[in-house]
Amino acid sequence: MGITFRQETFRDDFSFANSPEHIRRFPFPFHEDSYMYAVNIEPHVAGPKGSVLEHPIDVDEHYVSEMQDRALVLAEDPLRCQSLPHMTLAGWDLLELLMTAKAESYPEHFSLTRDGDRWHWVNRPLGIDDRFTFGDVATLPYGPMEYITRQSQGDFCLLDQRDGNLWMDAGIVTTQADWSLDFDIGMNFFEWHAPVPLAHEKGIFTRALKFLLNVQQGRPARRLNWTMTINPRLDTSPENYHKWGPDRTTVTPENVGHKVHLRVELQSFWRLPRSNGLVFPIRCYLISMDELVTSRKWARRLHRVIRDLPDEIAAYKGLTRYRATLIEWLSAHDDGAPTSPGFGPD
Amino acid sequence: MSTGTTKLDVVVADIVTVNDMVKRFHFRRRDGGLLPTFSGGAHVVVEMQDGDTPRLNPYSLMSSPLDTREYTISVRRDDAGRGGSLFLHQRVEPGQAMVISYPVNLFSLDLRAKKHLMLAGGIGITPFLAQTAQLSAEGGAFELHYSVRTAALASYGGELQSRYGRRVSLYHDDRGEQIPLDRLLAAQPLGTHLYICGPSGMIDWVRGRAAALGWPAEAVHYEHFSAPQPGLPFTVTLAASGKTIRVGEQQSLLEAMEQAGVDPPYLCRGGVCGQCETDVVSCEGTFLHNDHWLSEDEHRAGRKIMPCVSRFEGNSLVLDR
Ligand code: HEM
């Protein structure tokens, strides 16, 4: 049985919503009642059926609408997609990874036929049917990275590995939590992480980099990160801050439930075979507070996490303006009962 | 080095004698499919069961990355070595089933380079065979200088010269020929990257001259081909579970615990995530800390160990597991 794709928006009238099944499969990021930065990296192995981890690359009911939103962002601002000249090979690696993963996991929606370097790609949800020569940029309407990531949910950074560091030398970034590819392009792991509070002092980035440099082919890894967004807006970029920044002042006790969204990023790390680079997909999942509190456990836990979050982290994530209103609202959903360990709803 | 890679079940499709010292092994997938794509400079770890002794040796892939129907490696017989090359030369036959690791690349091309200047010594030619195949398909600029003992031992010298013509130069020790290093290093266009694979004396010589002539370290790449570092077997008492276990030469402490039915938490199995951190109850001996998790002070204090990567040598070790 295929996925039923929703027609919805992530701007203007914000018609985005999760179906009940998608609420249940939401990747809730807190395994305990508090939160602190950690090197929370684990092997990217298959998770339970129906979960966002069932397949290596998750496609869900928001796929078609997210791709339409990406096309709108790119039309307004082409610099959201950039690739330095030496990254084309990594782009082909990424194209292969995403096409093969999608065709294998969702044969009813995607298919890939290869005859040597002559490839035939069919993407039914987006109505694409293309034949091209693998490795020959002239046979695709865009560069390989842009071509395939216009058909893939989430942002993608392509990292070149050299001199014992990772360099953000290509990417497509339209669904980001307030950072800019145009600003970060060409930077290394420590440079682009410079704005993050507390984690440098805890040695988290030094250890994380060592891990990433050793990620091996066929052995991807993953971690979850989270923040909050007002309205289900995918494009919360610095470039468009004027459009979404002021939303943070609009939160009231009456509208928390449908305006405030938990935003979870499923980040994964994959060694690329031809270029020996790394790809870092950042897949964004949104859930409104109204949707989230349908799980009693998540409601209790989120209340405690937000209440006890260190101020530096709250400020970095941009929660300061509406944090008190949110805690007040969530407290009505927390009866103080203990929560069970682990991520899942009860 | 390559612990934690996925394994590949292969069969030895062919063994070719290249010269007195070198044999070439062709591996194909046992299930007949394509092998994983790799980049020039990558190696695989070949697993061998030599009597009671498991051996895991890394070898550079020399076949073209554009053709993954088979992987080939070339193995120089090392009569004084730990035995892996002798095992391959003497005990492995065509048709034999073997296990190798996924490819891992610790010697990859810098794809920003305007030109790649490659210096090979002896069997150090193997990664360059794959890299030149990759570069020539992409139209990348390269020049290969290959130093050999004698013409008879110049593995693939002839093939390389017929494939790439004047881009390949050979130097024979027995004819008193030597790579004109200073001249080469001085004559390169801006944006050239230098790659060295060969005996450690050669690597030191080239790196030293390059540094002296002002080459930036980022533009000098060399294959520091350390064979996998297993370590001496040791015995550990697990106080909490009341077990005493033996950690084999080729096994990590974590793997030995798991084999004994004790399952410490883990995430990365690579010494960074901190999950398997284990308290030391008592010890008499020396820790070989290989992790990036504990601080240097903690390493010195010897009260904690990361069993996924670290080892122990000494009389007794008791852990809180
Ligand atoms: C190559 C892979 C990675 C890329 C491309 C990447 C990229 C980024 C970027 C662009 C930011 C936003 C910084 C800003 O405010 O401008 C960020 C934040 C952050 N990154 Fe990474 N990152 C990577 C891997 C990791 C890993 C492995 C960790 C592991 C601990 C990590 C931890 C963090 C943390 C804690 C933040 C702050 C996020 C928040 O509080 O919302 N990153 N990363």
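What Kirkwood Rh does the stretch B:234-319 have if only Cα atoms enter the pairwise 1/r average? Answer in Å.
Radius from the Kirkwood sum: 12.7 Å.
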> Once every DSSP H run of n ≥ 4 in chain B is given -39500 (n - 2.57) and the sum is divided by its residues, what mean residue ellipticity at 222 nm do you get, rounded to the nearest 500 deg cm²/dmol?
Replying inline: -5500 deg cm²/dmol
> At q = 0.06, 0.07, 0.08, 0.10 Å⁻¹, what is the log10 ratio I(q)/I(0) for the protein assembly as shown, with the Debye formula run over Cα points and no solvent?
Replying inline: -0.39, -0.54, -0.70, -1.07
> So what's the projected area for chain B, the Cα convex hull averaged over all directions, in nm²?
Replying inline: 18.9
>> Just to be sure I understand the rule: take each whole DSSP H helix in chain A, project its Cα atoms onto its long axis, keep it if the span is 15 Å or more and its mean Kyte-Doolittle hydropathy is at least 0.0. Which ones pass?
In response: A:63-76, A:88-105
> Chains A and B: buried accessible surface, both sides, probe 1.4 Å, rounded to 100 Å²?
Replying inline: 2200
> Which of the peptides B:209-217, A:157-165, B:64-72, B:25-33 is most tightly packed, and how do the rest follow, judged by the mean count of other Cβ atoms within 10 Å per residue?
Replying inline: A:157-165, B:64-72, B:25-33, B:209-217
> Considering only protein heavy atoms, what is the solvent-accessible area of A:Arg223 at a probe of 1.4 Å, reported in Å² to the nearest 10?
Replying inline: 50
> lysines near B:Lys243 by alpha-carbon distance under 17 Å, same-chain residues fewer than 8 away left out - which ones?
Replying inline: none
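When N counts the residues of the stretch B:115-224, how does its alpha-carbon radius of gyration compare numerically with 2.2 N^0.38 Å, as a ratio?
Working: Rg = 13.1 Å, N = 110, 2.2 N^0.38 = 13.1 Å.
Compared with the compact-globule rule of thumb, the stretch B:115-224 sits at 1.00.
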>> What is the percent carbon and sulfur in the accessible area of the protein assembly as shown, measuring with a 1.4 Å probe over the protein chains and ignoring ligands?
In response: 51
> Going by a ≥ b ≥ c, the root eigenvalues of the Cα gyration tensor, does chain A fall in the rounded group (a/c under 1.5), the prolate group (a/b larger than b/c) or the oblate group?
Replying inline: prolate
> Tell me, what is the per residue accessible area of the protein assembly as shown in Å², probe radius 1.4 Å?
Replying inline: 43
> What ranking of A:Trp179, A:Trp119 comes out by heavy-atom accessible area, probe 1.4 Å, highest first?
Replying inline: A:Trp179, A:Trp119
> Around B:Thr286, what is the net charge, scoring Lys/Arg as +1 and Asp/Glu as -1 over all other residues with Cβ under 11 Å from its Cβ?
Replying inline: -1
> Picking from B:Leu254, B:Leu184, B:Leu119, which is most flexible by a Gaussian network model of chain B using Cα springs under 10 Å?
Replying inline: B:Leu184
> How much accessible surface area, in Å² rounded to 10, belongs to the heavy atoms of B:Cys197 with a 1.4 Å probe?
Replying inline: 10
> So what's the gap between the Cα centers of the stretch B:112-183 and the stretch A:201-267, to the nearest angstrom?
Replying inline: 49
> Averaged across the residues of A:208-216, what count of C-beta atoms belonging to other chains lies within 10 Å of each residue's C-beta?
Replying inline: 5
> What is the mean number of Cβ atoms from other protein chains located within 10 Å of the Cβ atom of each residue in peptide B:100-106, rounded to a whole number?
Replying inline: 4
>> Straight-line reach only, C-alpha to C-alpha below 26 angstrom: list the lysines that A:Lys102 could link to, leaving out same-chain residues fewer than 8 apart.
In response: A:Lys49, B:Lys7
> If one computes the Cα centroid of the stretch A:1-29 and of the stretch B:32-111, what distance in Å separates the two points?
Replying inline: 47
> Taking a 1.4 Å probe, which of A:His200, B:His289 shows the most accessible area, and what order do the others take after it?
Replying inline: A:His200, B:His289
> If the viscosity is 1.567 mPa s and the temperature 4 °C, what translational diffusion coefficient in µm²/s does Stokes-Einstein give for the stretch A:62-201 when Rh comes from Kirkwood over Cα pairs?
Replying inline: 80
> Which stretch or stretches of the stretch B:83-103 have amide N atoms under 11 Å from the point lying 7 Å from B:Thr17's Cα along the Cα→Cβ direction?
Replying inline: none
> Among the DSSP beta bridges whose two residues both lie in chain B, what percent are antiparallel, rounded to the nearest 5?
Replying inline: 65
> Where the only charges are on Cβ atoms (+1 Lys, Arg; -1 Asp, Glu), what is the dipole of the stretch B:234-319 about its Cα centre, to the nearest 20 debye?
Replying inline: 140
> Reported to two decimal places, what Rg/Rh ratio describes the stretch B:7-105 when computed on Cα atoms with Rh from the Kirkwood expression?
Replying inline: 0.93
> Per residue, what volume in Å³ does the convex hull of the Cα atoms of the stretch A:118-192 enclose?
Replying inline: 113
>> Keeping all protein chains in place and using 1.4 angstrom, which order do A:Arg274, B:Arg175 fall into by accessible surface area, from largest down?
In response: B:Arg175, A:Arg274
> Once a ≥ b ≥ c are taken as the square roots of the eigenvalues of the Cα gyration tensor of the stretch A:168-327, is the result rounded (a/c under 1.5), prolate (a/b larger than b/c) or oblate (a/b not larger than b/c)?
Replying inline: prolate
> Under 25 Å Cα-Cα from A:Lys259, which lysines qualify once same-chain neighbours fewer than 8 residues away are excluded?
Replying inline: A:Lys243, A:Lys297, A:Lys317
> Given the protein chains as shown and a 1.4 Å probe, how many square angstrom of A:Glu191 are accessible, to the nearest 10?
Replying inline: 90
> Where both residues lie in the protein assembly as shown, what percent of DSSP beta bridges are antiparallel, nearest 5?
Replying inline: 80
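The values are calculated or read from the model by the stated rules, or taken from the named source; none is laboratory data. Just so it is clear, the structure is predicted and the values come from calculations on it, not from any experiment. For neighbour counting, all protein chains shown are included, and Cβ atoms are generated from backbone atoms with ideal geometry for every residue, glycine included. Accessible surface areas use protein heavy atoms only, side chains included; no ligands, DNA or RNA. Shrake-Rupley method; radii C 1.70, N 1.55, O 1.52, S 1.80 Å.
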